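The values are calculated or read from the model by the stated rules, or taken from the named source; none is laboratory data. The structure displayed is predicted, hence computed values, not measured ones. Note that each Cβ is placed from the backbone with ideal geometry, even for glycine, and that neighbours are counted across all protein chains shown. The protein model used for the area step is the full one, side chains on, heavy atoms only, and it has no ligands, DNA or RNA in it. Shrake-Rupley method; radii C 1.70, N 1.55, O 1.52, S 1.80 Å.
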Amino acid sequence: MKAKLTLILVSAFAAICFAQEDAAHLNELSFGLGGLPALSRSDTPRLDTGSGVAFQVNYGRRFLNRHKVVLYGEINALANPLRDVSSSIPTATHDFASLYITPGIRVKFLPTWRISPYALVGGGYADYEQSTTRIDGQPNSVSRELARGVFDFGAGVDVHVWRFLALRGEARDFYSGSPAYNIATISGGQHNVVATGALVLGWH
């Protein structure tokens with residue numbers, strides 16, 4: 001009897017987890033909150049950036065539907081208002097903010113199932129805003145705004161909780177040129193990894 005009851009419960013759970021709707025949503029709009037971990041750029045001279053909060057908005061439009069795989073075009077915007085900088089060089093920038101706007105594509109698997117994983121890739125515009133002061137408290141000589149190109153890639157999963165509502169967990173890496181740290185020896189590309197949780201609204 002217990003074995004039969006266990007089998008029934010497992011079957012019911014599987015049906016709930018993998019229940020399907022009629023079709024993947026044509027439009028998706030998500031609002032996310034996440035964070036960037038601390039980052040170390042160099043040991044000589046030493047420079048570290050602190051962790052930061054990230055706010056994300058994403059719009060996706062489906063343009064290819066193959067039942068178990070769908071392709072979305074997306075526009076993603078992510079903003080981080082502040083990341084502190086610590087360095088052994090007192091003339092380094094005290095802190096900076098960042099904004100990434102990245103059109104791209106998202107490939108979603110099993111889009112009508114309860115749990116839908118996806119992968120994404122894109123690229124676009126990065127904006128870094130440096131602080132007006134340096135670590136030593138003196139005025140910062142670098143330009144306040146710095147525009148960069150950015151390439152982003154990542155993966156995530158949507159968990160559908162209602163017909164037009166889902167929860168999303170996602171990780172992205174925004175790879176761009178460096179902010180203006182005011183240290184000549186630190187340049188080149190920088191990985192900006194972001195993990196977010198989001199609320200997703202979908203409609204046809």
Segment 123-188: trypsin sites (Lys or Arg not before Pro) in DSSP loop, at most 12 other beta carbons within 10 Å: Arg144, Arg163
Over the chain: helical MRE at 222 nm, DSSP H runs n ≥ 4 each giving -39500 (n - 2.57), nearest 500: -2500 deg cm²/dmol
Relative to the Cα centre, what is the charge dipole magnitude of the chain, using +1 at the beta carbon of each Lys and Arg, -1 at the beta carbon of each Asp and Glu, and rounding to the nearest 20 debye? 860
Return one whole number: the accessible area per residue of the chain in Å², for a 1.4 Å probe. 51
Amide H proximity to Asn140 below 5 Å, modelled H, separation 5+ or other chain, gives Thr133, Arg134
Once you list every other residue whose beta carbon is under 10 Å from the beta carbon of Ser178, what net charge do they have if Lys and Arg are +1 and Asp and Glu are -1? +2
Against the longest alpha carbon principal axis of the chain, how many degrees, from 0 to 90 and to the nearest 10, is the axis of helix 2-17 turned? 60
Accessible carbon and sulfur surface of the chain relative to its total accessible area, %, 1.4 Å: 68
Using a simple spin-label model with points 7 Å from Cα along the Cα→Cβ vector, what separation in nm is obtained for Gln138 and Tyr59? 4.6
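Expressed in nm to one decimal, what extension gain is obtained for the pair Ala147 and Trp162 from 0.36 nm per residue of sequence separation less their Cα-Cα distance?
Values: separation 15, 0.36 × 15 = 5.40 nm, distance 4.00 nm.
Length difference between fully extended and current span is 1.4 nm.
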